[in-house]
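Derivation of every value follows stated rules applied to the coordinates shown; laboratory data play no part. All values reported here derive from a predicted model rather than from experimental measurement. Ideal geometry is used to build each Cβ from the backbone, glycine not excepted, and the neighbour counts take in all protein chains shown.
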Amino acid sequence: SLENEWLEIERNVMKPYLEEADIVILSALVPGEVAPILITREMIRAMKLDAIIMDISIDQGGNCEVTEPGRFVRKDGIHICGIQNIPGRMAVHASWLYANNMYYYVENLFKNGLDALDFDDEIVKSSLVTHQSKIHHEGTLKAIRNLEKSE
């Protein structure tokens, strides 16, 4: 079938890269269908010892022939990660990272007190747009000057 011919072409293109790769991330999906098998057991046997395959498409069947849903396994000397729902697991980490960054950003803004912004601080200069009715942000000032020139 055409699909099998296409998959074989894809596999042949991937083979030399797989043999040199330390890590392979698989994420090929076809909406509403089972994920296509892009890496066969034979291809795994040609990979470097201790290489890693992250099969992100495992929720739709996976792109690696030997990925096991929900498991991190070792097959033919290759580590294969079949952790399910990876995008759902990232939300907690992304939220924590954002909250952590915001905490340190705000802490830096007010390191000298609530009424004492350090206008020479690189972070303050690059992010503060206005303060007490005055525009401080260079990018905004430049945009206003360009707008005034064009009028």
Burial-style ranking of 63-76, 82-95, average other-beta-carbon count within 10 Å with highest first, yields 63-76, 82-95
Please compute the alpha carbon radius of gyration of the chain, then divide it by the globular-protein estimate 2.2 N^0.38 Å. Two decimals is fine. 1.72
Pick from Lys48, Lys134, Lys111: which residue has the top mean-square fluctuation in a GNM of the chain where Cα pairs under 10 Å get a spring? Lys134
Between Ile25 and Gln84, what is 0.36 nm times their sequence separation minus the Cα-Cα distance? Round to one decimal in nm. 19.9 nm
When every alpha-carbon pair in the range 33-100 is counted, what percent end up more than 16 Å apart? 50
Volume in Å³ per residue [convex hull over Cα atoms, computed for the range 87-150]: 124
Between Val106 and Glu138, what FRET efficiency follows from the Cβ-Cβ distance if R0 is 22 Å, with the result rounded to 0.05? 0.50
Nothing charged except the Cβ atoms of Lys and Arg (+1) and of Asp and Glu (-1): what's the magnitude of the dipole of the range 87-150 about its Cα centre? Round to the nearest 20 debye. 320
Using the alpha carbons of the range 1-74, what is the convex hull volume per residue in cubic angstrom, as a whole number? 84
